[in-house]
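Heads up: the structure comes next, in structure tokens.
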Amino acid sequence: MSEANWYVVHTYSGYENKVKIDLIKTIENRNLQDQILEVSVPMLAVTELKDGLEKQADKKMFPGYVLVKMVMNQDTWYVVRNTRGVTGFVGPGSEPTPLSEEEMMNMGFQELSEPEMVIDLEVGDMITVIAGALKDTVGAIRTINKSKKTITINVDMLGRETPVELNFNEVKKM
């Protein structure tokens, strides 16, 4: 029996999870669990900030692709290739190319300690302060610090432009 490798399968955009579910059902129906070992749609945990509220979400790392760990032979190739939503394997011509261990590591399959943060604020955006001593103050974002979850705006204090650091949850985009 050959060794199982990871292969990249191209799918219609937005069909990644459907392909995964259909493929798992087919594997069970045809008793191919010993040949097709794992089907994965790699997800990345992100924190989104929208209108001052943080929300955990999962984002597809590789939209339009599904990873399959399998022993490549005629049966497994046929099952994967003929799953609804699959357009083909990634590789030259019709020859699927397995991913190397180095490629798997380079794609970021090690566990992330801190989820990436996605925010709906950009430098230059106008915001309103919704909490704290500066409530109802309006200003333009000068800097964004994702690690500290803060932004800096300039506020007119005593006739001078003064930089003020605010938490993400203290501001709302206008």
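The values are calculated or read from the model by the stated rules, or taken from the named source; none is laboratory data. None of the values given here were measured: they were computed from a predicted structure. Glycine gets a Cβ as well: all are built from the backbone with ideal geometry, and neighbour counts include every protein chain shown. Just the protein is used for accessible areas: all its heavy atoms, side chains included, with ligands, DNA and RNA removed. Shrake-Rupley method; radii C 1.70, N 1.55, O 1.52, S 1.80 Å.
Just to be sure before I move on: is residue 154 over 30 Å from residue 36 (Cβ atoms), out of contact with any helix residue (DSSP H, G or I) (no Cβ under 8 Å at 6 or more places or on another chain) and assigned to a helix (DSSP H, G or I) in the structure I sent? Even if it seems obvious, please write down each step before you answer.
Details: over 30 Å from residue 36 (Cβ atoms): yes; out of contact with any helix residue (DSSP H, G or I) (no Cβ under 8 Å at 6 or more places or on another chain): yes; assigned to a helix (DSSP H, G or I): no.
Criteria not met by residue 154.
Being basic (Lys, Arg) and over 30 Å from residue 126 (Cβ atoms) is the filter here, so list the residues in the stretch 4-62 that pass it. Write out each step before concluding.
To start, the set of residues in the stretch 4-62 that are basic (Lys, Arg) comprises 18, 20, 25, 30, 50, 55, 59-60.
Scanning the stretch 4-62 gives 18, 20, 25, 30, 60.
Would you point out the residue of the stretch 118-151, among those that are of a type in the set (A, V, I, L, M, F, W, C), within 29 Å of residue 45 (Cα to Cα) and assigned to a loop (DSSP other than H, G, I, E, B), that is least open to solvent (accessible area, probe 1.4 Å)?
If we take residues in the stretch 118-151 being of a type in the set (A, V, I, L, M, F, W, C), within 29 Å of residue 45 (Cα to Cα) and assigned to a loop (DSSP other than H, G, I, E, B), then 121 is least open to solvent (accessible area, probe 1.4 Å).
Exactly one of these conditions fails for residue 94: (1) touching a Gly at 6+ places or on another chain (Cβ under 9 Å); (2) more than 30 Å from residue 31 (Cβ to Cβ). Give me its number.
The one condition residue 94 does not meet is (2).
Looking only at the stretch 55-77, count every residue that is more than 19 Å from residue 18 (Cβ to Cβ) and either outside any strand (DSSP E or B) or in contact with a Lys or Arg (Cβ under 7 Å, 6 or more places away or on another chain) (or both) and tell me the total.
7
Taking the options 28, 54, name whichever one is loosely packed, with under 15 Cβ neighbours inside 10 Å, more than 27 Å from residue 95 (Cβ to Cβ) and at pLDDT 90 or above.
Details: 54 fails: at pLDDT 90 or above.
Only one candidate passes the filter, namely 28.
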